[in-house]
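One structure below.
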Amino acid sequence: MGEAAAVESLGGKIYEQSAVVNIERGEPAKVITEQGSVTANFVIVAGNAYLGGLVPELRAKSMPCGTQVITTEPLSEELAASLLPQDYCVEDCNYLLDYYRLSGDKRLIYGGGVVYGARDPADIDAIIRPKMLKTFPQLANVKIDYRWTGNFLLTLSRLPQVGRIGSNIYYSQGCSGHGVTYTHLAGKLMSEVLKGQAERFDAFASLPHLPFPGGHLMSIPFSALGAWYYSVRDKFGI
Ligand SMILES: Cc1cc2nc3c(=O)[nH]c(=O)nc-3n(C[C@H](O)[C@H](O)[C@H](O)COP(=O)(O)OP(=O)(O)OC[C@H]3O[C@@H](n4cnc5c(N)ncnc54)[C@H](O)[C@@H]3O)c2cc1C
């Protein structure tokens, strides 16, 4: 919300609820929505896990995944201190990792789980609550007040994908679940390259990116199978 306000304060215009359904490539390019279109010298594609097949070159080398979060009711000081005495934010070391922290009002916010292909799960608690209880059994009788799911975009190398398609379409995507900080750097790289300073952009753009094995049909089951293998290793602490 803060960033949106900053964009508008600098004269930018934001159009909500207006998904881009087609990009007509050319110089200039035309970006088309159901309601209208914008003609632009440069297009930045940053739709990440929600982009679908809009830019086929980008779909081929990334995979949308879902991850889920639950939030407990406010905990007593004593119970909260028994979970994270030093009030750290935690991301565990497993391949299929969990992440958690306390909120200001002493709720535990606990996330994890990966749904390859990013289907919305019918029951978020059923996925995350058992993970939370394995880490913190003392929360067995605690109520879950909030739950949500969202999508992030996975790449095979887990490195973000930055680049240029043709002469004037730029993209940044695929932070593989770690985009909160990186996307701010990406914004700077994009503004630098549009102003003619490509050195830092090119450093990221030169990273090699392979497609997920299995193509459009089989990449999701292949990845789920691979993840299962690594989750077994997690269980044995290998
Ligand atoms: C539950 C959850 C927990 C996470 N926790 C963390 C964390 O603790 N730390 C961390 O670093 N990262 C975390 N992530 C990942 C992080 O949210 C992402 O890496 C980051 O949001 C990616 O930023 P982005 O701008 O590339 O994409 P997004 O924030 O996904 O933004 C993409 C935008 O593009 C829009 N869009 C897509 N297609 C179109 C279209 N055709 N037309 C118009 N608009 C379109 C979407 O509506 C969306 O607003 C988490 C993700 C989830 C889902």
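Tabulated results
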quantity	calculated
For the chain, convex hull of alpha carbons as volume per residue, Å³	170 Å³
A122 versus R25: modelled label distance in nm, points set 7 Å from Cα along the beta carbon direction	4.2 nm
Sum of -39500 (n - 2.57) over DSSP H runs of 4+, divided by residues of the chain (222 nm, nearest 500)	-9500 deg cm²/dmol
Listed peptides 21-27, 38-44 by packing density, highest first (mean Cβ within 10 Å)	38-44, 21-27
Trypsin sites (Lys or Arg not before Pro) within the stretch 42-140, DSSP loop, no more than 14 other Cβ atoms inside 10 Å	R119
Pair L194, E16: separation of 7 Å Cα→Cβ label points (nm)	2.2 nm
Extension reserve of the I109-L84 stretch, reckoned as 0.36 nm per residue once the Cα distance is removed	7.8 nm
Förster-model FRET efficiency, 25 Å R0, K143 and Y99, C-beta, rounded to 0.05	0.75
Burial order of peptide ranges 8-18, 70-80 (average beta-carbon count within 10 Å, highest first)	70-80, 8-18
Spin-label pair E3/I32, simplified geometry with 7 Å Cα→Cβ offset, distance in nm	2.9 nm
Convex hull volume per residue for the stretch 122-211, taking Cα atoms only, in Å³	154 Å³
Of L189, L153, L96, the one that fluctuates the most in a GNM where the chain has Cα springs shorter than 10 Å	L96
Distribution of pairwise C-alpha distances over the stretch 67-151, 10 Å bins, in %	17, 54, 25, 4
Sparse-neighbourhood loop sites, chymotrypsin sites (Phe, Trp or Tyr not before Pro) in the stretch 137-238 - DSSP loop, at most 16 other Cβ within 10 angstrom	F236
For the stretch 1-82, the spread of Cα positions along each principal axis, largest first, Å	62, 36, 20
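Any read-out appearing in this document is the output of simple, stated calculations on the displayed coordinates, not a laboratory observation. Source: prediction; values computed, not measured. Don't worry about glycine lacking a Cβ; one is built from the backbone with ideal geometry, like all the others, and counts go over all protein chains shown.
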